[in-house]
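Below: one structure, written as structure tokens.
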Amino acid sequence: MRMENSFCLNQDARSNAHRCASCPVQSEVTRIMRILGLPLFLVMASIVGGGGHPNTGVDLEPPRDGLGYLPRDGATVSVNPPPLLWVPVPGVKGYDVEIHMVGVGTSETTPTQMAKGDVRTPDPVRAVTSHSPYCLHILDQPLPPGRFAWRYRVRWTDDGTSVSVWSRERRFEVPTTATIFPRPARETVRARIPSNHPRMFLRPEDLSRLRASRTRFPHAWAKMLEQADKVLTAPLMEEPRPWTGGKWNAEEWLKYYGQIVEAARCTETLAFAYLLTGSRQYGEAAKRWLIQFASWDPHGTTSLKVNDEQTMHIMFSGARAYSWIYDLLTDEERGRVRRMLAERAADAYRHLHEGPTPFEQCPYDSHNGRLWHFLGETALALYGEVPEAEKWLDYALTIFWGWYPIWGDEDGGWAEGLHYYTSYNEYALTWLQHARAVLQLPVERKPFYAHAADFPLYVGPPGAVMSGFGDFSEAPPSAGRGRVAAGFAALLRNPTWQWLAEGVGESKRFSPLDFLNAIAEKPKSAAPSAFPRLRVFRGAGWAVYNGEISSPQANLQLMMRASPMGNISHSHCDQNAIVLGAFGSPLLVNTGMRDYYGSPFCKEWYWHTRSHNSVLIDGEGQERGAHTTAQLVAWGEEGNFAWVTADATKAYGARVRNYRRYVSVHRENEDRYYLLVLDDIATTAKHVQVLYHARVPILLEPSTHSFALETTTAKLHAKVFADSNLEFSVSDRYSVPFQPVDARKTMPPPEWHLSVDVPAQPNTARVRVLTAMVIQRKGTASAPEVQWQTELGKENVQVTWSRTGNGQKLQQQVVFHTTNGFIECK
């Protein structure tokens, strides 16, 4: 997918809506929309969904949180065949989709109507029309290189006797370099699913090999059985009670969340131990958990509507345990568990696909990003036993072969940050295991997976002290990134990812998937060599610099966020923000701590721009939403010099006409770096505040416009330049109180917050602030004082620094080209 367009409303859809304004139906829709304050998409859908005018239902304006139409009109695609996506209409019976080579013809002149679900490689001399139950459609054969046009229409009836007009055509080009990744034909999937069990993580014919691995991998067996023995007599979780007072509250949610995570772990661990050993003590214990889950009301306190975490954990652990202890269950017990899983899966399918904003069009709900493949797992366990399972599995495969992963990009980046990269890809690896080992599908060919572990490699290399941006980024990277790296290393045979996994080390957790990774063939690890110090993840909007990635105590790590994904989900209002660490210490950090999602502290501090190394305009930060986008404009690296330019104009709304942040880093030697941060802001605001935060005291030198901080391993000295008077202030308090509801969470560590207040010049609408920093390893000889010369008033900003060392005068000049965003080191 192309992240840079994810939130742009489709221009063609907008113009089509204007073009149809004379239509009575469209005019009435527009009138109702304005009265009710509703988006056009929802009102149109409610009207045409009732079987209205056959000329409506196509080329609708996308919902604000939707993807709209893919591929973008005129796009050159990177995957062949590309996913086709359009705006859905609730309640319809499906869609017809047509593709033809540009200039060859359409089905109106050479009709090729196919049976439902039958999709073949289009003949380059005529069109192909196929039926799709979803607004997301992928062919099961690649297209020949060339230019194509596609369109769709709505089916009002199952037999296709009542249809809408065709949509306008949209075009795309398939280059010869596009990754070949057609979805599997439905017949292929059907034929590959084993008729018996186990069929979760492995096929029945794999079981003897798995059990024979004990002599070769005694350590993995011992760890797995140790986990099972620990939970063998664990008390069963009771069905959660309704929310006190009938209203959700954080205290009870956190309590039940902890309980269901442990319950799911017990269930699948015991069931897998039975599968490994055949020991009934493990199987009977797993059965008790399954029957306990089956006794709960699937539409009650553990339903998707009330508490989706409960349902998701029951679905994936229950489906795995059902398949792994299948031979131990009686017919009556199988029936009870099947009914429980089927009801929860049906609820998940309705939630994902049949609501007013189907997940295939509106994919930014974070939890739905797990739910779809838990649905797929459950469908695989029930396939051939529950009629709807085939439909559920087909839906999951459609999502995977479509735009998934929505938060990921083809550089391997993850827009929600390292914490959610880790947790969501740990879950996704279970889906990949099912798809590869059970369905025997080449899922690793999806472009994201070619670089899937580059993100934790750069953001969280061994010994890293920072996590970048997003929820929980105030903490160091978790050990889970090592498990994910190990999984992807085995999947893609990547030695550098294996080096990352081994460098992070083993964690206390050891799941069934961890066991399978432990006994899998691994690539020989190799530390990064000849790697660029600067890595940019374009779709996620992250730039990450590592001075010495393979040596934590010698590394300087700098990260910057400017994301086209906006400030949504688990991202913060921190476009153009930076974080900095060096020589094993965090220096410039994100501040606060997430007590619970959406808490008052979360909204007013933790998510807010004021908690980040960023900029406030007249005391106000960025808005939260998909519209507050930013982008990495330009970047480069040459020798010991690297730089990034980012634009966050849209993140600040009407208060800012233009805001670019230019960042450059120069590595003098293994002990010393120079960092320049130029904020160039066109605004009518009265003042701008440049913010920096640390976990050690920030010492001010107001007379020289300087500040400094020192950790146990590093020292930072900075000087701030502007064409205005500067006012410095430091505080060690938050603007709102931190009041955690989780007893396990204490106050965040002491933190200091620096504000550099820059009054706007009365005769100019432009504010430029340069922060020049010297970062040095503590314990090395102090560098002579650096002399800075700046020219901020010119179109291109010049910065020169010099110092005397080893009897010689050392001088460096950096030029910020504000017209094209480039930064030059002379």
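The values are calculated or read from the model by the stated rules, or taken from the named source; none is laboratory data. These numbers come from a predicted model, not from an experiment. Glycine also receives a Cβ, built like all others from the backbone with ideal geometry; neighbour counts cover every protein chain displayed. What goes into the accessible areas is simple: the full protein's heavy atoms, side chains included, and nothing from ligands, DNA or RNA. Shrake-Rupley method; radii C 1.70, N 1.55, O 1.52, S 1.80 Å.
Listed by first and then second residue, the pairs linking a residue in region 295-324 that is in contact (Cβ under 8 Å) with a residue 24 or more places away in the chain and in a loop (DSSP other than H, G, I, E, B) to a residue that is buried (at least 24 other Cβ atoms within 10 Å of the Cβ) and of a type in the set (Lys, Arg), with Cβ atoms under 6 Å apart and 6 or more places separating them unless they lie on different chains, are 298/344.
Looking only at residues of region 252-261 that are in contact (Cβ under 8 Å) with a residue 40 or more places away in the chain and open to solvent by 40 Å² or more (accessible area, probe 1.4 Å), we find that the one that is nearest to residue 286 (Cα to Cα) is 261. Count, please, the residues in region 526-541 that happen to be in a strand (DSSP E or B) and farther than 15 Å from residue 417 by Cβ. Number of matching residues: 3. Just need a number here: residues in region 369-389 that are over 28 Å from the mean Cα position of the chain (by Cα) and open to solvent by 10 Å² or more (accessible area, probe 1.4 Å). Selection size over region 369-389: 6.
Within region 499-520, residues that are over 14 Å from residue 275 (Cβ atoms) reach partners that are among the hydroxyl-bearing types (Ser, Thr, Tyr) with beta carbons closer than 6 Å, at six or more positions or on different chains, in the pairs 499/525; 502/525. Listed by first and then second residue, the pairs linking a residue in region 810-826 that is under 16 Å from residue 659 (Cβ atoms) to a residue that is assigned to a loop (DSSP other than H, G, I, E, B), with Cβ atoms under 7 Å apart and 6 or more places separating them unless they lie on different chains, are 816/796; 818/795; 818/796; 819/795. Residues that are more than 22 Å from the chain's Cα centre (by Cα) and open to solvent by 70 Å² or more (accessible area, probe 1.4 Å) within region 626-635 comprise just one, 635. The condition (being farther than 17 Å from residue 312 by Cβ and among the hydroxyl-bearing types (Ser, Thr, Tyr)) is satisfied by just one residue among 378, 398: 398. Within region 609-625, the set of residues being under 26 Å from residue 475 (Cβ atoms), open to solvent by less than 30 Å² (accessible area, probe 1.4 Å) and in a loop (DSSP other than H, G, I, E, B) comprises 612, 614, 621, 622. Can you find a residue in region 777-793 that is at positive phi and either modelled with pLDDT under 95 or assigned by the TED database to the domain that holds residue 578 (or both)? Yes: one or more hits.
For region 61-85, a tally of residues being open to solvent by less than 10 Å² (accessible area, probe 1.4 Å) and aliphatic (A, V, I, L, M) returns 3.
Screening the candidates 313, 353 for the property of being surrounded by 21 or more Cβ atoms within 10 Å (Cβ to Cβ), in the same structural domain as residue 256 (by the TED database) and closer than 30 Å to residue 68 by Cβ yields one hit, 353.
Can you name the residue in region 564-575 that is polar (S, T, N, Q) and touching a Ser or Thr at 6+ places or on another chain (Cβ under 6 Å) and is also surrounded by the fewest Cβ atoms within 10 Å (Cβ to Cβ) among such residues? Among residues in region 564-575 that are polar (S, T, N, Q) and touching a Ser or Thr at 6+ places or on another chain (Cβ under 6 Å), the one surrounded by the fewest Cβ atoms within 10 Å (Cβ to Cβ) is 569.
Is it the case, given these coordinates, that residue 701 is out of contact with any Asp or Glu (no Cβ under 6 Å at 6 or more places or on another chain) and open to solvent by 10 Å² or more (accessible area, probe 1.4 Å)? Yes; evaluated as a whole, the condition is true for this residue.
Within region 474-498, the set of residues being closer than 21 Å to residue 268 by Cβ, part of a loop (DSSP other than H, G, I, E, B) and in contact (Cβ under 8 Å) with a residue 40 or more places away in the chain comprises just one member, 478. Looking only at residues in region 577-605 that are closer than 30 Å to residue 772 by Cα and of a type in the set (Phe, Trp, Tyr), the one that is surrounded by the most Cβ atoms within 10 Å (Cβ to Cβ) is 583. Residues satisfying the criterion are present in region 466-473 (criterion: of a type in the set (Asp, Glu), modelled with pLDDT of 95 or more and in a loop (DSSP other than H, G, I, E, B)).
Could you tell me which of the residues 458, 395, 420 is among the hydroxyl-bearing types (Ser, Thr, Tyr) and within 14 Å of the chain's Cα centre (by Cα)? After ruling out the rest, the residue left standing is 420. Provide a single number: the residues in region 138-154 that are farther than 17 Å from residue 176 by Cα, in a strand (DSSP E or B) and open to solvent by 10 Å² or more (accessible area, probe 1.4 Å). Total satisfying the criteria: 2.
Of all residue pairs spaced 6 or more apart or on separate chains, those with beta-carbon atoms under 6 Å, a first member in region 416-445 that is touching a residue at least 60 places away in the same chain (Cβ under 8 Å) and a second member that is assigned to a helix (DSSP H, G or I) and open to solvent by 30 Å² or more (accessible area, probe 1.4 Å) are 439/192; 440/192.
None of 692, 674 is open to solvent by less than 30 Å² (accessible area, probe 1.4 Å), hydroxyl-bearing (Ser, Thr, Tyr) and within 29 Å of the chain's Cα centre (by Cα) except 692. When 652, 662 are checked against the criterion of being open to solvent by less than 10 Å² (accessible area, probe 1.4 Å) and within 18 Å of residue 721 (Cα to Cα), 662 stands alone in meeting it.
Restricted to region 395-432, and to residues there that are of a type in the set (Phe, Trp, Tyr) and assigned to a helix (DSSP H, G or I), the residue that is nearest to residue 543 (Cα to Cα) is 421.
Scanning region 559-604 for residues that are assigned to a strand (DSSP E or B) and under 24 Å from residue 649 (Cα atoms), we see that the one that is farthest from the chain's Cα centre (by Cα) is 588.
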